[in-house]
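First the structure, in the form of structure tokens, and then the observations on it.
Laboratory data are not the source of any read-out in this text; all were calculated from the coordinates shown. Treat the numbers as computed from the prediction; the structure is a model and nothing was measured. Using ideal geometry, Cβ is built from the backbone for each residue, glycine included, and neighbour counts are taken over all protein chains shown.
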Amino acid sequence: MTETSYILRVSAPDAVGILADVTTYLARHHLSLMENHDFGDPDTQQFFIWARFRAEAGFDPETFREGFAALAKRRDITWTMRREQDRPKALVLVSKGDHCLNDLLYRHRRQRLGADIVGIVSNHRAALWEAERHDIPFFHIPVTPDTKRESEAHLKQVIADRAADFIILARYMQVLSNELSSELRGRCINIHHSALPSFKGARPYHQAHARGVKLVGATAHYVTADLDEGPIIAQDVAPVDHRFSAERMVELGRDTEARVLARAVRAHSEGRVFLNGRRTVVFE
């Protein structure tokens, strides 16, 4: 018997009975829940549901969607449904630091990323050999103060041509314009060291080492027009002490960055992240 699994995402103004309505609708269509999460936020008065369900042969997705659309209209629900196997397409942007890119490519190769990487964009040529090794299209888009507008126009064309569903900034050391950041709202993930905003600028880990910090870490967040202040998706830290050199802190920080970015990418790819004002709801 052929079975297909689907992912259903629901967000709506919080009200009594929403979860019951959704699960009852699934039961009426003889769909088996494999995993589900829900959360009602008392601050934003929003309710969120993430559900993965199994459908047997004979299930008609269009009939399901038509009926659910009626429920959504009655409950003011915003929703999406897709087959679990239909992974979103990701475009990776990187500069010279390749630690996050390498980790993403490994997970992509092992089918553990949750997304398909459809291209690598860089303002340098250093990542070309990695793209070629993985048979992924590479796009070199140099960026200078005088060509920034043209470079971003080229980037937008690549995003469209590759039909990318979302963007990963894997240590891409260029600031996106407010216009592009707005266009990519909820679809562009960035990674940075958790020392921000305490240690901004060049060599942040060396600055942290000089101050004797006891933790290093990383933050993955959605890009917004406010630099490095978008809704946070994932974070992690690692302890350090007086025995750590600045170089060892850099290495540990890079490992943490790669791990946190991969967590955020997978959560986004599986639809487990919901925007909730300036915050996120993440069902992991």
- State which entries of Lys96/Lys156; Lys96/Lys148; Lys89/Lys156; Lys156/Lys200; Lys148/Lys200 exceed 26 angstrom in Cα-Cα distance in the structure shown. Lys156/Lys200
- Give the value in nm², to one decimal: projected area of the alpha carbon convex hull of the stretch 219-284, averaged over all directions. 5.2 nm²
- Message: Could you give the length gained by full extension between Gln174 and Arg279, i.e. 0.36 nm per residue of separation minus their alpha carbon distance, to one decimal place?
- Response: 35.4 nm
- Task: Measure off 7 Å from each Cα along the Cα-to-Cβ vector at Glu251 and Glu183, then give the distance between these two points in nanometres to one decimal.
- Result: 4.1 nm
- Environment charge at Gly17 (Cβ cut-off 14 Å; Lys +1, Arg +1, Asp -1, Glu -1): -2
- Item | Under the Karplus curve 6.51 cos²θ - 1.76 cosθ + 1.60, θ = phi - 60°, whole-Hz ³J(HN,Hα) for the stretch 48-60, x wherever Gly or Pro sits | 10, 9, 10, 9, 10, 10, 10, 10, 8, 4, x, 5, 10
- Task: Would you calculate, for the chain, the mean residue ellipticity at 222 nm contributed by helices, counting each DSSP H stretch of 4 or more residues as -39,500 (n - 2.57) and dividing by all residues, to the nearest 500?
- Result: -10500 deg cm²/dmol
- Note on the structure: Phi-derived 3J(HN,Hα) across the stretch 248-261 with the Karplus relation (6.51, -1.76, 1.60, θ = phi - 60°), rounded Hz, x for Gly and Pro, is 5, 5, 4, 5, 5, x, 5, 4, 5, 4, 4, 5, 5, 4
- Note on the structure: Given backbone amide H placed at 1.01 Å from N, residues whose amide H is under 5 Å from that of Ile233, ignoring those fewer than 5 places away on the same chain, are Ala220, His221, Tyr222
- Message: If amide hydrogens are placed 1.01 Å from N in the peptide plane, which non-local residues have theirs closer than 5 Å to the one on Cys188?
- Response: Ile167, Val223
- By average Cβ neighbour count within 10 Å, what is the ranking of 30-36, 111-117, 256-262 from highest down? 256-262, 111-117, 30-36
- Quick one: what are the phi-derived ³J(HN,Hα) couplings along the stretch 124-140, Karplus 6.51/-1.76/1.60 with θ = phi - 60°, whole Hz, x for glycine and proline? 10, 9, 4, 8, 4, 5, 5, 5, 5, 4, 9, 6, 10, x, 10, 10, 8
- Note on the structure: For the chain, the percent of all C-alpha pairs falling in each 5 Å bin, from 0 up to the bin holding the max distance, is 1, 5, 11, 14, 15, 15, 13, 10, 8, 4, 2, 1, 0
